[in-house]
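Below is one structure, written out as C-alpha cells; comments come after it.
The values are calculated or read from the model by the stated rules, or taken from the named source; none is laboratory data. None of these values were measured; they are calculated from a predicted model. Glycine also receives a Cβ, built like all others from the backbone with ideal geometry; neighbour counts cover every protein chain displayed.
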C-alpha cells in the first residue's frame, strides 16, 4: 500500500493465493471528507482496466457507484439509500442499457420488491419465518402474485 503526504491511501494491490498480483487500485481523487471518489483499476500488466467513481451520503455510506471501462464508457451504475441498501442497478453494454433494475425494502429493511424495467418483470418478497434476532430464514418470491421461489437459509450464532 502507498500513501500520500496527507496520509491518504493512494494505491493498493490485491494479490491472489499464489502471491501474484491480480489487480492494482489507484485512488485518484478524494472528497472533502477524505473518502475516495475516483479510482483507477489496473491489471497485473499495468494496463488500465477501468475506473470507478463513488458518491456518499452525509453518514459516509456509499450511495452511488459508477464503473467505466478502459475507454471511459459507463458499464455499471448503482444507487443505494443512506443505509447502504441497493435501490437501483443499471448495466450498459455497447452503449445500450441491458439491465435496468429497481429495489425497494419493507419496514424491517428486507428486500420487498425487485423490478427489472427492461422486461417488466417484478418480484415481490414475503418473509414467512423470522428468527429471534430479526433475521429472515424463509422467503417466498412472487411474480404477478404467483409464488415462483422459496428461499431458505440457516444462520448460526456464536
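Selection of first residues in the range 124-138 that are within 15 Å of residue 105 (Cβ to Cβ) and of second residues that are part of a loop (DSSP other than H, G, I, E, B) and modelled with pLDDT of 95 or more, restricted to Cβ pairs under 7 Å at least 6 apart or on distinct chains, gives the following pairs, ordered by first then second residue: 125/110; 127/110; 135/155; 136/110.
Mind listing whichever residues of the range 9-50 are assigned to a loop (DSSP other than H, G, I, E, B) and in contact with a strand residue (DSSP E or B) (Cβ under 6 Å, 6 or more places away or on another chain)? Of everything in the range 9-50, those that are assigned to a loop (DSSP other than H, G, I, E, B) and in contact with a strand residue (DSSP E or B) (Cβ under 6 Å, 6 or more places away or on another chain) turn out to be 16, 31, 35, 43, 44.
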